[in-house]
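Enquirer: Below you will find the structure I want to go over with you.
The values are calculated or read from the model by the stated rules, or taken from the named source; none is laboratory data. Computed from a prediction, not measured in an experiment: that's the story for all the values here. Because the Cβ atoms are built from the backbone with ideal geometry, glycine has one as well, and the counts that use them run over all protein chains shown. Side chains included, ligands, DNA and RNA excluded: accessible areas come from the protein's heavy atoms. Shrake-Rupley method; radii C 1.70, N 1.55, O 1.52, S 1.80 Å.
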Amino acid sequence: MGKLKSPPKPPAAPDPERVRKADDSRERSEGKREIGPLPKVKNPARKARGKKSLKAFMKAYFPRRFRLGFSSAHDTAIERMEGCTDNGELFACAMPRGFGKTTIAEVAVLRAVLYGKRRFVVLVCATGPLAQRRLKQLMRELETNDLLLEDFPEACYPIRKLDRIHNRAKGQTLNGKPTRMELNRDGIILPTVKGAACSGAVIQVAGMESAIRGMNVGGPDGEPLRPDMAVIDDAQTRDSAKSPIQTNEREAIVTGDVLGLAGPDVSMAAVMLCTVIYPGDLSERFLDPEKHPEWQGVRTKTLDSFPARLDLWDEYAEIRRQSFRDGSKGRRATEFYKKNRAEMDAGAAPTWQDKKKPNELSAVQSAMNWFYTSRAAFMAEGQNAPELDSGSAGAKELVPTEVTKRLSGCDRYVVPPDVTRLTAFIDCGGGKGRGLWYAVCGWTDGFGGAVIDYGTWPRQVRTVFAADDMRPGLAELYPTLSVSERLYKGLTDLAAEVLPREYLRERTAERLRVERCLVDVGWEPKTVWSWCRQTPFWPIVTPSKGIARTKTAKGVAEWASRPGEPRPGHHWRLTASELGQGRMCQFDTDAWKSILWERLTSPLGGAGCLHLYGKAGPHAPTHELLGEHLAAETAEPVTIRGSTFDKWTERPHRPDNHWFDGLVGCAVGASMQGVTFDPGTAAGVPVQALAPVKVMSFSEMQRAARAARNGGRR
């Protein structure tokens with residue numbers, strides 16, 4: 001028999017002291033969670049005025065943020081923004097830098113939700129971190145603005161009771177009902193208060209590069225809320241403004257993602273407050289009544305008109321510069337302005353009379369100080385009318401929006417009537433071997449012509465992509481091959497498609513073929529050399545390598561002649577391979593990039609003008625990515641060992657320049673084939689070219705290849 005179990009012990013009596021402490025803690029916790037009743041509105045008349053007018057709301061509740069009077073630019077922006085908030089319109093306004101457009105945007109967002117004019121507002125900024133800063137500023141106003149607390153207790157009082165401990169919002173109640181408030185890094189959901197216009201309203205922030213699609217939250221009654229207003233504040237960065245590709249992407253985000261946030265039965269309101277940075281940037285596109293007339297674009301300025309006596313201002317600017325040099329910090333210039341103010345102000349029309357610093361006498365003086373400190377910045381950020389940057393003296397660059405307009409009037413693969421020969425170039429190292437980049441150009445007798453074709457191997461479905469993001473790349477196209485094997489296979493397949501192609505001359509039945517193709521040997525040189533020797537196109541294929549000038553390396557044109565080498569060409573020469581596998585073309589990249597720059601910037605119609613294929617019209621090719629590659633580098637003159645030349649360097653954040661290299665290689669190939677410069681169109685040493693290589697048909701190439709393999713027998 002088992003041992004009998006002893007009866008269970010009766011539970012110990014609760015400790016009265018522990019029970020008392022638990023009850024006290026529960027009462028204190030419930031007391032902190034329950035915040036009712038709400039205070040009454042202190043000034044109903046003031047609140048009513050703010051509902052009718054955005055300007056009245058700004059003056060009444062944010063006197064510290066709007067200490068100065070409003071300008072005509074402010075009046076325009078405020079009036080249009082009020083129409084968007086109240087009526088669901090679209091509005092784009094370019095305001096000068098320093099006019100407080102961000103502050104206006106933040107206040108407009110608060111008014112929209114506090115009065116219930118909009119239930120879900122999204123504030124979109126250029127970047128995510130910038131959007132986070134805007135959200136913190138909105139939270140700070142709701143938490144600390146006593147004037148808002150007085151007239152909007154339904155929104156601000158529950159937030160104040162959190163004492164900045166946002167986790168308390170989960171258990172907060174008002175008159176026994178949860179406020180369902182949320183405050184986090186992505187946005188704010190205002191308290192749920194029965195009868196309040198702002199009950200459960202939402203403010204969220206996002207950067208242009210973040211996921212904007214699909215924003216929605218649950219409303220106070222469980223119904224899904226979707227955005228009904230977007231405020232877009234400075235949607236571009238300086239880098240994105242200079243890039244047509246990034247500008248196109250951001251334009252698509254605004255017109256597609258942002259405006260598509262609203263439900264199908266909701267009138268979406270949107271405000272874009274912006275500053276023009278570069279010609280053709282995102283701001284200019286939405287201000288253009290031809291491109292986006294629905295956005296009611298308005299462009300405001302610091303000066304509606306400049307002073308008439310700029311000669312006096314030139315004298316003032318020189319006095320001011322000298323005054324800073326001698327330590328008087330501009331005071332002598334201010335005295336000069338004070339003495340001649342009437343004449344110097346004549347004709348000037350500042351839009352904001354109160355915009356001046358403590359040591360300045362007027363808004364005109366403030367604007368002209370900015371103008372003489374940095375004309376480019378003033379015209380762009382002060383006048384919203386940027387001037388084309390000409391760079392430093394002698395600097396060279398290509399502007400994508402200008403280059404891509406130079407259309408030849410011929411479709412792809414069609415040769416203009418004045419073109420006499422075709423050349424090609426293949427860049428093997430793009431994206432560290434992800435793919436091949438090629439270009440085909442047609443050349444006239446004056447070294448002008450047109451880009452006939454360009455592309456990549458493997459072919460890409462997307463029109464905009466990076467070299468290291470090619471999908472598919474060579475690795476995906478030839479998954480079973482090694483790096484060198486897939487490069488060899490890629491060259492074989494690309495050449496078989498491009499080199500035997502017959503290009504039809506416009507308006508005639510004449511057909512032309514590529515007669516010289518340079519192939520870059522800078523990456524995997526042994527593989528490229530092997531392919532160049534073994535391809536059936538070997539008679540027209542030449543390995544090549546660009547050589548840049550440095551402090552220690554002379555330019556190709558300065559190299560001493562070597563026994564057995566053909567005479568040099570224009571900044572290129574045929575040299576023996578360092579691998580001992582035949583001859584290659586080495587050329588001066590700096591010199592030839594400057595030559596190509598001349599071709600792409602010469603006036604249209606000139607003998608040395610280079611065009612891009614395509615016909616003007618609604619279906620014209622955009623050449624966006626090509627324009628990006630061509631603008632990837634800039635040049636400035638440098639002098640090394642007594643020789644002055646253009647030194648080309650890559651721009652920051654613009655790593656892909658493979659088609660730029662491709663067009664340069666095509667130009668070198670044309671020079672090898674005997675094309676010379678039109679007199680007066682090319683600077684540098686006299687042009688010397690080898691005798692052109694005879695053009696061979698594809699069948700002749702095959703016969704020659706068989707003869708080479710069979711010891712001369714065909």
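Enquirer: Which residue is most open to solvent (accessible area, probe 1.4 Å), if the candidates are limited to the range 555-577 and must be charged (D, E, K, R) and in contact (Cβ under 8 Å) with a residue 40 or more places away in the chain?
Expert: Per the stated criteria, the residue is Arg567.
To keep it simple, each residue is scored yes or no on (1) farther than 30 Å from Gly297 by Cβ; (2) in contact with an Asp or Glu (Cβ under 6 Å, 6 or more places away or on another chain); (3) modelled with pLDDT of 90 or more.
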position: Lys3; (1), (2), (3): yes, no, no
position: Asn43; (1), (2), (3): yes, yes, yes
position: Arg49; (1), (2), (3): no, no, yes
position: Thr76; (1), (2), (3): no, no, no
position: Thr102; (1), (2), (3): no, yes, no
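Enquirer: It is to be established whether one or more residues within the range 498-513 are surrounded by 14 or more Cβ atoms within 10 Å (Cβ to Cβ) and assigned to a helix (DSSP H, G or I).
Expert: yes
Enquirer: Filter the range 192-207 down to the residues that are among the β-branched types (Val, Ile, Thr), open to solvent by 10 Å² or more (accessible area, probe 1.4 Å) and over 16 Å from Thr173 (Cα atoms) and list them by number.
Expert: Val205
Enquirer: Quick check: anything in the range 519-532 within 30 Å of Pro417 (Cα to Cα), of a type outside the set (A, V, I, L, M) and touching a residue at least 12 places away in the same chain (Cβ under 8 Å)?
Expert: yes
One line per residue, one yes/no per condition, for (1) of a type in the set (A, V, I, L, M, F, W, C); (2) more than 17 Å from Leu663 (Cα to Cα); (3) part of a loop (DSSP other than H, G, I, E, B); (4) modelled with pLDDT under 95:
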{"site": "Gly442", "(1), (2), (3), (4)": "no, no, no, no"}
{"site": "Gly446", "(1), (2), (3), (4)": "no, no, yes, yes"}
{"site": "Val451", "(1), (2), (3), (4)": "yes, no, no, no"}
{"site": "Gly455", "(1), (2), (3), (4)": "no, no, no, no"}
{"site": "Gln460", "(1), (2), (3), (4)": "no, yes, yes, yes"}
{"site": "Thr463", "(1), (2), (3), (4)": "no, yes, yes, yes"}
{"site": "Ala475", "(1), (2), (3), (4)": "yes, yes, no, yes"}
{"site": "Tyr488", "(1), (2), (3), (4)": "no, yes, no, no"}
{"site": "Thr492", "(1), (2), (3), (4)": "no, yes, no, no"}
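Enquirer: Just wondering, is there one or more residues in the range 372-394 that are open to solvent by 40 Å² or more (accessible area, probe 1.4 Å), under 30 Å from Met584 (Cβ atoms) and modelled with pLDDT under 95?
Expert: No: the range 372-394 contains no residue that is open to solvent by 40 Å² or more (accessible area, probe 1.4 Å), under 30 Å from Met584 (Cβ atoms) and modelled with pLDDT under 95.
Enquirer: Shifting gears a bit: Please state which of the following conditions Thr103 fails to meet, knowing it meets all the rest: (1) touching a Lys or Arg at 6+ places or on another chain (Cβ under 8 Å); (2) within 28 Å of Tyr278 (Cα to Cα); (3) in contact (Cβ under 8 Å) with a residue 60 or more places away in the chain.
Expert: (3) is the only condition that Thr103 fails.
Enquirer: A further question on this structure: Inspect all residues belonging to the range 114-124 and state whether any of them is without any contact (Cβ under 8 Å) to a residue 12 or more places away in the chain and open to solvent by 10 Å² or more (accessible area, probe 1.4 Å).
Expert: No: the range 114-124 contains no residue that is without any contact (Cβ under 8 Å) to a residue 12 or more places away in the chain and open to solvent by 10 Å² or more (accessible area, probe 1.4 Å).
Enquirer: Tell me, which residue of the range 536-573 that is modelled with pLDDT under 90 and aliphatic (A, V, I, L, M) is nearest to the chain's Cα centre (by Cα)?
Expert: Ala548
Enquirer: Next question. State yes or no: is Val109 in a strand (DSSP E or B) and closer than 12 Å to Ile203 by Cα?
Expert: Spelling it out, it is not the case that Val109 is in a strand (DSSP E or B) and closer than 12 Å to Ile203 by Cα.
Enquirer: Is it the case that Trp437 is at pLDDT 95 or above and open to solvent by 10 Å² or more (accessible area, probe 1.4 Å)?
Expert: no
Enquirer: How do the pairs read when you match residues in the range 395-422 that are at positive phi with residues anywhere that are part of a loop (DSSP other than H, G, I, E, B), using Cβ under 7 Å and keeping only pairs 6 or more apart or on different chains?
Expert: Gly409/Lys615
Enquirer: Failed condition for Thr351, given (1) surrounded by fewer than 20 Cβ atoms within 10 Å (Cβ to Cβ); (2) touching a residue at least 40 places away in the same chain (Cβ under 8 Å); (3) of a type in the set (S, T, N, Q), with all others met?
Expert: Tallying (1) surrounded by fewer than 20 Cβ atoms within 10 Å (Cβ to Cβ); (2) touching a residue at least 40 places away in the same chain (Cβ under 8 Å); (3) of a type in the set (S, T, N, Q), Thr351 fails exactly one: (1).
Enquirer: How about the range 529-569: which of its residues are in a loop (DSSP other than H, G, I, E, B) and of a type in the set (Asp, Glu)?
Expert: Within the range 529-569, just Glu565 meets the criteria.
Enquirer: Do any residues in the range 618-635 that are closer than 15 Å to Asp656 by Cα and at pLDDT below 90 have Cβ atoms under 7 Å from those of residues that are small (Gly, Ala, Ser) and crowded, with 22+ Cβ neighbours inside 10 Å, where the two are at least six apart or on different chains, and which pairs are they?
Expert: Final answer for the pair search is Glu628/Ser243.
Enquirer: Tell me the residue from Asp418, Asp427 that is closer than 25 Å to Thr542 by Cβ and either open to solvent by 50 Å² or more (accessible area, probe 1.4 Å) or at pLDDT 90 or above (or both), please.
Expert: Going through Asp418, Asp427 in turn, the sole match is Asp427.
Enquirer: Please determine, by comparing only the residues of the range 514-528 that are assigned to a helix (DSSP H, G or I) and in contact with a helix residue (DSSP H, G or I) (Cβ under 9 Å, 6 or more places away or on another chain), which one is modelled with the lowest pLDDT.
Expert: Lys526
Enquirer: When residues of the range 59-89 are filtered for being among the hydrophobic types (A, V, I, L, M, F, W, C) and surrounded by 22 or more Cβ atoms within 10 Å (Cβ to Cβ), how many remain?
Expert: The number of residues fulfilling the criteria is 4.
Enquirer: Restricting the search to the range 317-353, which residues are among the β-branched types (Val, Ile, Thr) and touching a Ser or Thr at 6+ places or on another chain (Cβ under 8 Å)? Show your work before the answer.
Expert: Taking the range 317-353 and keeping what is among the β-branched types (Val, Ile, Thr), we get 319, 334, 351.
Once the filter is applied, which keeps residues that are among the β-branched types (Val, Ile, Thr) and touching a Ser or Thr at 6+ places or on another chain (Cβ under 8 Å), the range 317-353 yields only Thr351.
Enquirer: Continuing with this model, one more query. Looking only at residues in the range 40-58 that are open to solvent by less than 60 Å² (accessible area, probe 1.4 Å) and outside any helix (DSSP H, G or I), which one is farthest from Glu79 (Cα to Cα)?
Expert: Checked the range 40-58; the qualifying residue farthest from Glu79 (Cα to Cα) is Val41.
Enquirer: Out of the strands (runs of 3 or more DSSP E) lying entirely within the range 214-318, which hold 3 or more residues that are within 22 Å of Gly98 (Cα to Cα) and open to solvent by less than 10 Å² (accessible area, probe 1.4 Å)?
Expert: Because the criterion is at least 3 residues that are within 22 Å of Gly98 (Cα to Cα) and open to solvent by less than 10 Å² (accessible area, probe 1.4 Å), the strands (runs of 3 or more DSSP E) in the range 214-318 that meet it are 229-233, 269-274.
Enquirer: Which ranges mark the strands (runs of 3 or more DSSP E) fully within the range 599-663 that have 2 or more residues being open to solvent by 10 Å² or more (accessible area, probe 1.4 Å) and closer than 25 Å to Gly455 by Cα?
Expert: Correct list: 643-650.
Enquirer: For the structure I just gave you, tell me whether Arg486 is in contact with a helix residue (DSSP H, G or I) (Cβ under 7 Å, 6 or more places away or on another chain), open to solvent by 40 Å² or more (accessible area, probe 1.4 Å) and either aliphatic (A, V, I, L, M) or without any contact (Cβ under 8 Å) to a residue 60 or more places away in the chain (or both).
Expert: yes
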